[in-house]
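Remarks on the structure that follows.
The values are calculated or read from the model by the stated rules, or taken from the named source; none is laboratory data. Model, not experiment: these values are computed from the prediction. Positions of Cβ are backbone-derived with ideal geometry, glycine not excepted, and every protein chain shown enters the neighbour counts.
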Amino acid sequence: MSELTKPEDFPTVYIETTIVSYLMARPSRDLVVAAQQEVTRMWWERALPRFRPYVSPVVLEEAAAGDPEAARRRLSAISAFPVLSVEPGVESLATRYFKAIPLPGRARADALHLALATWHGIDFLVSWNCVHIANGRVRRILADVNRELGIRMPEICNPYEVLEDGDDS
């Protein structure tokens, strides 16, 4: 690593639960999901080393759910990543997001993912949850809320959107 590419200079990324789930899942028979799993593996191997990754207690809780062996694999994949704290300001921002974004009650954790990444000043939030997180409508609502609050929003995207030239060869 050269003096110009010190890890502390790398952008930060919040790894939302769908990323580690797709990474560790058995290959899907669904062609779209299988393609997303492959892009996730490619991103994890080739692009993630150029980021400073973070997770949260929400990611750890979600990754620990379900089949014990699958949960062990998911948690092992993210075990070295720093865990962002859930402070009172995060809770209040999540509540604000939840009220602004038309999310079903079961998606309250998705508002918390968004709030955690925003509150902690993370550069990118990477997710395959294209209904409640990595969605143009959601990004637009968040941009409006964050502009009103005077806070910076992370770039919300899927792994394919942050691959660089040479990552997909």
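Looking only at residues in the stretch 70-93 that are part of a helix (DSSP H, G or I) and touching a Phe, Trp or Tyr at 6+ places or on another chain (Cβ under 9 Å), the one that is farthest from His132 (Cα to Cα) is Ala77. Checking each residue in the stretch 113-141 for being crowded, with 23+ Cβ neighbours inside 10 Å and in a helix (DSSP H, G or I) picks out His113, Leu114, Ala115, Leu116, Ala117, Thr118, Val138. The set of residues in the stretch 142-162 that are in a helix (DSSP H, G or I) and either in contact with a strand residue (DSSP E or B) (Cβ under 7 Å, 6 or more places away or on another chain) or more than 11 Å from Ile101 (Cβ to Cβ) (or both) comprises Ala143, Asn146, Arg147, Glu148, Leu149, Pro159, Tyr160, Glu161, Val162.
Matching residues to (1) of a type in the set (Phe, Trp, Tyr); (2) out of contact with any Cys (no Cβ under 7 Å at 6 or more places or on another chain); (3) buried (at least 22 other Cβ atoms within 10 Å of the Cβ); (4) at pLDDT 95 or above:
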| residue | (1), (2), (3), (4) |
| --- | --- |
| Arg72 | no, yes, no, yes |
| Pro88 | no, yes, no, no |
| Leu103 | no, yes, no, no |
| Asp110 | no, yes, yes, yes |
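Annotation: of all residues in the stretch 16-51 being among the β-branched types (Val, Ile, Thr) and closer than 18 Å to Val131 by Cα, the one that is surrounded by the most Cβ atoms within 10 Å (Cβ to Cβ) is Ile19. You will find that of Val55, Val39, the residue that is of a type in the set (A, V, I, L, M), touching a residue at least 12 places away in the same chain (Cβ under 8 Å) and touching a Pro at 6+ places or on another chain (Cβ under 7 Å) is Val39 and no other.
If I filter the stretch 52-70 down to residues being hydrophobic (A, V, I, L, M, F, W, C) and buried (at least 20 other Cβ atoms within 10 Å of the Cβ), which single residue comes out as farthest from the chain's Cα centre (by Cα)? The selected residue is Ala63. Hey, among Tyr97, Tyr54, which residue is in contact with a His (Cβ under 8 Å, 6 or more places away or on another chain) and either in a loop (DSSP other than H, G, I, E, B) or not β-branched (Val, Ile, Thr) (or both)? After ruling out the rest, the residue left standing is Tyr54. Within the stretch 36-53, the presence of at least one residue that is of a type outside the set (A, V, I, L, M, F, W, C), under 21 Å from Leu84 (Cβ atoms) and in contact with a strand residue (DSSP E or B) (Cβ under 8 Å, 6 or more places away or on another chain) is confirmed.
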